[in-house]
Amino acid sequence: MATGCSHLSDEALLELVARSDDGALAELYDRYSRAAYGLALRILRDEALAQDAVQEAFIAVWRTADRFSAERAKASTWVLTIVHRRAVDVVRREERRRGDPLDDDMAQPAGRATEEEADLRTRRRAVQEVLRRLPDEQRQALELAYYGGLTQSELAERLGLPLGTIKSRMFAGLSRLRDLLAEAGLEETVRP
């Protein structure tokens, strides 16, 4: 555990990481690895893949810390956004890998399970597309709550916002999400 940097803010740690301070990176990892792993696991639903995504994300933090801007986002949000992106990248990579049959003998026959998987993939893509259409602050709150497993109180603390603001964003986001899904013919996908 990094002890020399434990008194520093997240933003100060990122400044040090940008200057190749591995102790600062270790401290950031200590602070956010559990939340990062939880987020990746919710997205990937596979422990090994989630661990890989977190490792890739912290490598990206190491490489791109100089691009962090405290004016644009909190450090915690920036780090967890990188984790989220890496996990989504892993999902896409795994879908492509699984979508390419190794040979004709191993190709799965078309059946009910395959149709259900295809339907699930289609719904998942539709929901992701609809999420992209939400305002950033609503999408962020919903993604951190759903994928990150954070409560509204934890979101308020993590984002440095009043609890009422988080509740309003989530309510408005879910309402808009339902409307957009209904327009796409997927209204049963999101339940209250």
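The values are calculated or read from the model by the stated rules, or taken from the named source; none is laboratory data. The structure presented is a predicted model; accordingly, all values stated were derived computationally and were not measured. Cβ atoms come from the backbone with ideal geometry, glycine included; neighbour counts cover every protein chain shown. Areas reflect the complete protein model, heavy atoms only, side chains present, ligands, DNA and RNA absent. Shrake-Rupley method; radii C 1.70, N 1.55, O 1.52, S 1.80 Å.
Quick notes on this one:
- Of GLU71, GLU94, GLU56, all but one fail to be out of contact with any Pro (no Cβ under 9 Å at 6 or more places or on another chain) and not in a helix (DSSP H, G or I); the exception is GLU71.
- Residue match in region 3-10 (condition: of a type in the set (S, T, N, Q) and surrounded by 15 or more Cβ atoms within 10 Å (Cβ to Cβ)): no
- Region 13-32, subset open to solvent by 20 Å² or more (accessible area, probe 1.4 Å) and closer than 26 Å to VAL91 by Cβ, residue nearest to the chain's Cα centre (by Cα): TYR32
- Answer residue from region 152-192, given it is exposed (fewer than 13 other Cβ atoms within 10 Å of the Cβ) and in a loop (DSSP other than H, G, I, E, B) and is modelled with the lowest pLDDT among those: PRO192
- Filter pass, ARG112 being at pLDDT 75 or above and among the charged types (D, E, K, R): no
- Residues of region 138-151 that are without any contact (Cβ under 8 Å) to a residue 40 or more places away in the chain and surrounded by fewer than 16 Cβ atoms within 10 Å (Cβ to Cβ): THR151 alone.
- Extreme residue, nearest to ARG42 (Cα to Cα), among residues of region 131-156 that are of a type in the set (Asp, Glu) and touching a helix residue (DSSP H, G or I) at 6+ places or on another chain (Cβ under 9 Å): GLU143
- Qualifying residue in region 47-58 (condition: closer than 12 Å to ALA87 by Cβ, of a type in the set (Val, Ile, Thr) and open to solvent by 20 Å² or more (accessible area, probe 1.4 Å)): no
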